[in-house]
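The values are calculated or read from the model by the stated rules, or taken from the named source; none is laboratory data. As the structure is a computational prediction, the values presented were derived from the model and not from experiment. Cβ atoms come from the backbone with ideal geometry, glycine included; neighbour counts cover every protein chain shown. When the accessible area is computed, the model is the full protein with side chains, heavy atoms only, and any ligands, DNA or RNA have been set aside. Shrake-Rupley method; radii C 1.70, N 1.55, O 1.52, S 1.80 Å.
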Amino acid sequence: YEHKYPEDPPYQEMAPYARLWKAFLEESAKVDADKVADWTDALDVLFVFAGLFSAVVSTFVTQTFQKLEVDPNDVAVSLLYELLRIRALNNDQSADTIPCFKGSPASIFHPSKTTTWVNGLWFVSLALSLTTALVAVVMKQWIHQYVASVS
């Protein structure tokens, strides 16, 4: 720095425009640029990972979420049984010849605890992944604001 900046007058070595501060600002600008580049690279990797992970988890969520609802085929079968029973009663036939379907599937259906837990964990995983992506975006905005205020 002695060759780059002119020597300060006597007793002005700590003045606001002394070469010490010029050298300090130059070095701190280099350190800041390195840190910002590292932060940006790390956030880019985190953002890509969070996006890919969210995409994969959302496919699992859509597949396993179906196990929390009543199967539409079971509902159709129960309605067909009821129609057959009504038709048999209208034709003066014994409704006992048609097997009885005990209740509607909607009232009988209860997802297993394992299915509920697995789906809950998938949803928590998706929420955390999306939250991570949101935090990465906010941090990237903060870095851009920091760079703009320093320069």
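Descriptive notes on the structure:
- Bridgeable aspartates and glutamates around Lys4 (alpha carbons under 15 Å apart, same-chain partners fewer than 8 residues away excluded): Glu26, Glu27.
- Local charge for Ala42 was computed over the other residues whose Cβ lies under 11 Å away, with Lys and Arg +1 and Asp and Glu -1, and equals -1.
- Protein-only accessible surface order, largest first, of Thr132, Thr64 at 1.4 Å: Thr132, Thr64
- Heavy-atom accessible area per residue - the range 1-64, 1.4 Å, Å²: 79 Å²
- On the principal axes of its alpha carbon atoms, the chain extends 120, 23, 19 Å, with the longest extent given first.
- Top of Pro111, Pro72, Pro16 by mean-square fluctuation, Gaussian network on the chain, Cα under 10 Å: Pro16
- Taking the C-alpha atoms only, the angle from helix 113-150 to the longest principal axis of the chain is near 20 degrees.
- Cα long-axis angle, helix 19-65 against the chain (0 to 90 degrees, to the nearest 10): 10 degrees
- Candidate lysines for bridging to Lys67, where Cα separation is under 26 Å - those fewer than 8 sequence places away on the same chain excluded: Lys102, Lys113
- The long axis of helix 72-90 is offset from the longest Cα principal axis of the chain by roughly 20 degrees.
- Efficiency of FRET between Phe60 and Thr40 - r from beta-carbon atoms, R0 22 angstrom, step 0.05: 0.10
- Note on the range 1-88: Cα Rg divided by 2.2 N^0.38 Å, N the number of residues, gives 2.92.
- A crude spin-label estimate for the pair Asp8 and Ser28, with each label 7 Å from Cα along the Cβ direction, gives 1.4 nm.
- The listed residues Arg87, Arg19, once ranked by accessible area (1.4 Å probe) with the largest placed first, stand as Arg87, Arg19.
- The lysines whose alpha-carbon is closer than 16 Å to the alpha-carbon of Lys140, local same-chain residues fewer than 8 away aside, are Lys35.
- Protein accessible area in the chain, 1.4 Å probe - carbon and sulfur %: 67 percent
- Each eigenvalue of the Cα gyration tensor of the range 3-46, multiplied by 5 and square-rooted, gives one semi-axis; in descending order these are 34, 9, 4 Å.
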